[in-house]
Structures are given as C-alpha cells and as structure tokens.
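Have a look at the structure below, then the notes.
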Amino acid sequence: MGKQATEMLKGTLEGIVLALLSGRAAYGYEITAWLRDQGFTDIAEGTIYALLIRAEQRGLVDVEKVPSEKGPPRKVYTLNARGQEYLNEFWRTWSFLSERLEQLREGGR
Amino acid sequence: MWIEKIVGDLGDKKRYREYRERVRQLPDGYREAALALERYLLHLGPSNDGSSLIAMVTDLADLLEQSVAAGTPLRDVVGADPVEFAEEFMQNYGGGSWIRKERDRLATAIDRAEAEERR
C-alpha cells in the first residue's frame with residue numbers, strides 16, 4: 001500500500017471500521033487482521049485501537065469484555081443505533097465525494 | 001517523582017503504580033516502547049487532569065498486553081509513524097497541557113481578530 005493510499009485511507013478508516021462492525025461483533029485485533037487481509041497492509045493495530053476508543057467514547061459502539069485464554073480480557077465491539085446513524089451519514093458523504101471525484105476524472109464539472 | 005506533582009489524588013497514585021507494574025511485566029521490546037510512548041504522552045497529553053491521564057496510560061497498557069498476547073510485532077502496533085499513532089491516541093483524552101493551551105489560545109485569538117474585522 002503506497003503513501004498516497006495510506007493518506008487517503010485516514011479519513012475513511014472510521015467509516016470502514018464501523019461498516020465492518022455493522023456486519024458482526026469483533027475485537028480490535030480481528031478488525032486489524034481483516035483490514036490486512038483486504039490489502040490495507042499499513043494499518044497499525046494502535047491506530048485501530050485509538051479509533052475504537054473514540055467510537056466508544058462517542059457512544060457509537062457497545063462494548064462487552066470477554067475473557068481470553070491469554071492476555072487481558074478482550075473488548076468486543078458492536079455497532080449500536082447511534083453508530084448505525086453515524087454510518088449512514090458516512091455512506092451519504094462517501095457517495096457525494098466519490099460521485100464528484102468521478103465527474104472530475106471524466107473532465108466534467 | 002515528577003508524576004506525583006501531576007497525579008495528586010491518592011487513588012490515582014495507586015492506579016498509576018499499578019500501571020507501572022504492568023509495564024514492568026511486559027517483554028523487553030514492548031516495555032521499552034511503553035516507556036517511550038509514556039514519555040511522549042505525558043509531555044504532550046493531559047497534564048492537569050489526573051483521571052484522564054490514568055485512563056490514557058491504562059489503555060496504553062491494555063493495548064501492549066493484548067499485542068503481546070496476540071503476538072503482534074511492535075512495528076505493527078505503533079505503525080510506520082509512532083508520533084502519528086501517539087497523537088491520535090492522545091486525542092481521546094481530555095485535560096490541558098502546554099501545547100493544548102497554546103492551541104486554544106490561537107483559536108481564541110483568531111476568533112477575536114475575526115470579530116474585530118467585522119466591526
């Protein structure tokens with residue numbers, strides 16, 4: 001993944017993670033692993049962790065602490081109603097942005 | 001120690017000591033990373049809010065312990081640019097520091113200047 005892709009991804013990462021959580025509950029490490037599988041290889045575990053802390057503080061996700069065999073308990077995240085609303089807004093913004101960019105590429109205005 | 005000047009509350013002190021102990025238990029590389037991150041976070045992060053500070057370092061300990069358990073290499077935890085990670089992480093916690101005060105001062109100054117302009 002190039003530098004430009006990393007930069008572009010930053011603004012959309014929150015939406016990507018929330019979209020992922022709308023499908024199923026997950027803990028931080030699972031989310032990072034999934035992103036890496038999808039080719040987002042430069043994503044740091046810490047970045048996702050910080051993002052999840054923020055989503056939790058803003059009340060977009062519900063959190064359940066689940067004991068793990070090794071290490072501290074895992075925080076499992078699920079998208080709640082408020083998070084779903086936020087995600088809908090993200091997709092509207094994304095549609096707007098991608099349509100405009102596509103128009104630019106085609107030379108229109 | 002200088003941290004005690006910042007963390008005044010006794011309960012906070014206890015929790016801060018628990019955090020130090022958790023860091024001490026980490027494998028070498030992770031422990032070094034924890035100390036380096038802590039130095040940066042305590043210099044630039046919430047300096048006048050003990051509970052925010054404790055929440056911050058406790059979350060940091062959680063992340064590093066989880067990473068050890070999952071076998072995540074250090075570079076994959078902090079990323080190519082550790083400063084970027086630290087800054088993003090720090091934003092989750094309230095409280096003031098000299099840098100935040102300066103940012104507020106700049107924003108306020110521009111607000112005032114804008115009001116002058118419209119007069």
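The values are calculated or read from the model by the stated rules, or taken from the named source; none is laboratory data. In this text the structure is predicted, and so the values were computed from the model without any measurement. Here the Cβ is made from the backbone with ideal geometry for all residues, glycine too, and neighbour counts use every protein chain on show. Remember, those area values only see protein heavy atoms, side chains included, never the ligands or the DNA or RNA. Shrake-Rupley method; radii C 1.70, N 1.55, O 1.52, S 1.80 Å.
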Output for region A:61-84, where each listed residue is open to solvent by less than 30 Å² (accessible area, probe 1.4 Å) and either more than 21 Å from A:LEU20 (Cα to Cα) or hydroxyl-bearing (Ser, Thr, Tyr) (or both): A:SER68, A:PRO72, A:TYR77
A:ALA55 being open to solvent by less than 30 Å² (accessible area, probe 1.4 Å), without any contact (Cβ under 8 Å) to a residue 12 or more places away in the chain and within 15 Å of the chain's Cα centre (by Cα): no
Residue within region A:20-27 that is touching a Phe, Trp or Tyr at 6+ places or on another chain (Cβ under 9 Å) and either farther than 29 Å from B:ALA70 by Cβ or part of a helix (DSSP H, G or I) (or both) present: yes
Cβ-Cβ under 9 Å pairs, at least 6 apart or on other chains, region B:98-116 side under 24 Å from B:ASP49 (Cβ atoms), far side open to solvent by less than 80 Å² (accessible area, probe 1.4 Å) and in a helix (DSSP H, G or I): B:TRP98/B:LEU44; B:ILE99/B:LEU44; B:ARG100/B:LEU44
Hits in region B:89-119 (condition: open to solvent by less than 50 Å² (accessible area, probe 1.4 Å) and within 26 Å of A:TYR29 (Cα to Cα)): B:PHE89, B:MET90, B:ASN92, B:TYR93, B:GLY94
Enumeration of residues in region B:56-78 that are in contact (Cβ under 8 Å) with a residue 12 or more places away in the chain, within 7 Å of chain A (Cβ to nearest Cβ) and of a type outside the set (A, V, I, L, M): B:ASP59, B:GLU65, B:SER67
Meets criteria (at negative phi, at pLDDT 90 or above, open to solvent by less than 40 Å² (accessible area, probe 1.4 Å) and not hydrophobic (A, V, I, L, M, F, W, C)) for B:SER67: yes
Cross-chain or 6+ apart pairs with Cβ under 7 Å, region B:79-96 first and within 7 Å of chain A (Cβ to nearest Cβ), then open to solvent by 30 Å² or more (accessible area, probe 1.4 Å) and at pLDDT below 90: B:ALA80/A:ASP42
Residue selected from region B:37-63 under the condition closer than 17 Å to A:GLU45 by Cα and of a type in the set (A, V, I, L, M, F, W, C), by the criterion farthest from the chain's Cα centre (by Cα): B:LEU63
Filter result (touching a helix residue (DSSP H, G or I) at 6+ places or on another chain (Cβ under 6 Å) and touching a residue at least 12 places away in the same chain (Cβ under 8 Å)) within region A:58-82: A:GLY59, A:LEU60, A:VAL61, A:VAL63, A:TYR77, A:LEU79
